[in-house]
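Please read the structure below before turning to the comments.
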Amino acid sequence: MQIEIESYHTSNFPSEFKTENYSVVLWQGNGVFSVDDINYSYSGSHILFLSPYQKLKLASESDEKICMLFFHGDFYCIEYHKEEVACNGLLFNNIYLNPGIALSKENYKYILEVFSHIKKEKTEAHPFSESIIKTYIQLILALGSKQKSSSENSIASTDKLPNKNAAEFQKLLETYYKSGKDLSFYSDRLNMTSNALSKAVKKEFGKTPTQLINERIILESKKLLHLTYRSIKEIAAELGFTDEFYFSRYFKKSVGCSPKKYREKVGISIVAKMSM
């Protein structure tokens, strides 16, 4: 069964955590966590959703227990179940949002209990265990999506209007990320200096334009590797790389493994298999 529940304490949590699975991290306390080297502060009860090969670091002000759920895409496919839980692009695979969610004590306790139920079902391993565990995973993702949507709507209704230049950069990036890999490409189109654009984007998203450009290319790379049967060469060409070996080096520098290794470990989704 391609699913695990693990527990750590912040004092013995790996200095750098990464896995080929989807991960749900549940913990409480105060401190800073980083995902792919971007820092986020946290306080109270928290839940975090990570896609395969995202890098997590955690620095807590106290020694707290961390509970982690891992599931492989072959066991529970978030793309296949996207209508039920709406988590892809919200909990997972969104480069513009904080990947963590603050939880109430009640929701923290409830999800912790669901973790315990999953662990029990995995131990008992009766004929219906797999279906029950998938239902529990779906429940966690649905609760996370509900909480995330509520939090984002609350921020949108109470905060000032988003920075216009940052919003325009986001639109341009979603349109041109395959061909526009340099900051100047976007600053020229927005008739701004690169420095001014960098300040606007960093203030809005907590990341520089260069970081977002790189993350958007890597996000699409992972999507094509996981959701299609296209060759590495075809994927490189689609993403605007004239040399597949340069694409492989670019990917490995960000992800920590080659595109070929990523596909071997993460697998090709049932969604790709169904579309053949």
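Just so you know, all these numbers are worked out from the coordinates, no wet-lab data involved. These numbers come from a predicted model, not from an experiment. We place every Cβ from the backbone using ideal geometry, glycine too, and count neighbours over all the protein chains shown.
Some observations on this one:
- Computed about the Cα centre, the dipole magnitude for the chain is approximately 520 debye when only Lys and Arg (+1) and Asp and Glu (-1) carry charge, each at its Cβ.
- Euclidean distance between Cα centres, region 210-276 to region 2-36, Å: 25
- Footprinting exposure proxy ranking of C257, C77, fewest other C-beta atoms within 10 angstrom first, gives C257, C77.
- Considering every alpha-carbon pair of region 23-143, the percent of pairs per 10 Å bin, from zero through the bin containing the longest distance, is 12, 44, 35, 9, 0.
- Charge dipole (debye, nearest 20) of region 107-254; +1 at Cβ of Lys and Arg, -1 at Cβ of Asp and Glu: 300
- For the chain: Kirkwood Rh in Å [reciprocal of mean 1/r, alpha carbons]: 20.0
- Exposure proxy ranking for M274, M192, M68, based on other Cβ atoms within 10 angstrom of each Cβ and starting from the fewest, stands as M274, M192, M68.
- Positive-end extreme of charge dipole, region 164-274 - chosen from Y262, M192, Y246 (charges on Cβ): Y262
- Ellipsoid semi-axes in whole angstrom, largest first, where each is sqrt(5λ) of the Cα gyration tensor of region 164-274: 29, 14, 13
- In Hz, Karplus ³J(HN,Hα) per residue of region 16-33 (6.51, -1.76, 1.60; θ = phi - 60°; x = Gly, Pro): 8, 10, 7, 8, 7, 9, 6, 10, 10, 10, 10, 7, 9, x, 9, x, 9, 10
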